[in-house]
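See structure below.
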Amino acid sequence: MALVINATAGSTTANSYITLADAEAILLEYTTFITAAWTVAATAVKNAALTQATRDIDSMRLSGDKYNTGILGEDDYQPLHFPTKPDVVESSLFIPENVERATALQAAYILRSGE
């Protein structure tokens, strides 16, 4: 079964901070040196790199409290650090742009370095 990216902010099953399409758009802004391995990788490999990049980011010491900590119940728990409590506009949760960009770049680095 292929890995499916869920980049829905606050989702209880989220596994990435960015969709494949959005990562592709961000990485167009960077040089071939950074993106060469990403460009030739299969979709399944890119999806795996995005989920690994998300885990890498979440393993860092990050500031801010998760938007949904599970206090109200197991169904409210969000497994990823972002979105945090300030990451909401008009009742809509979002992943900050710098986190999306960092995820895309980390995924490209993972593929470039062969990690």
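The values are calculated or read from the model by the stated rules, or taken from the named source; none is laboratory data. Everything numeric here is computed off the predicted structure, so don't read it as measured data. Because the Cβ atoms are built from the backbone with ideal geometry, glycine has one as well, and the counts that use them run over all protein chains shown. The area values use the complete protein model at the heavy-atom level, side chains included, leaving out ligands, DNA and RNA. Shrake-Rupley method; radii C 1.70, N 1.55, O 1.52, S 1.80 Å.
Out of segment 2-53, which residues are among the aromatic types (F, W, Y) and within 13 Å of the chain's Cα centre (by Cα)?
Within segment 2-53, just Y17 meets the criteria.
Given the criterion touching a strand residue (DSSP E or B) at 6+ places or on another chain (Cβ under 9 Å) and either open to solvent by 70 Å² or more (accessible area, probe 1.4 Å) or farther than 19 Å from I5 by Cα (or both), identify the matching residue among D22, D87.
From the options D22, D87, the qualifying one is D87.
Taking the stated definitions as given, is A25 closer than 22 Å to G10 by Cα, assigned to a helix (DSSP H, G or I) and not β-branched (V, I, T)?
Judged against the criteria, A25 is not a match.
In segment 37-73, what count of residues is obtained for those that are modelled with pLDDT under 95 and either among the charged types (D, E, K, R) or not in a loop (DSSP other than H, G, I, E, B) (or both)?
3
Being open to solvent by 50 Å² or more (accessible area, probe 1.4 Å), within 19 Å of T8 (Cα to Cα) and in contact (Cβ under 8 Å) with a residue 12 or more places away in the chain is the filter here, so list the residues in segment 49-69 that pass it.
Across segment 49-69, the qualifying residues are Q52, D65, Y67.
Identify the single condition in (1) open to solvent by 70 Å² or more (accessible area, probe 1.4 Å); (2) modelled with pLDDT of 90 or more; (3) of a type in the set (S, T, Y) that Y77 does not satisfy, given that it satisfies every other one.
(2)
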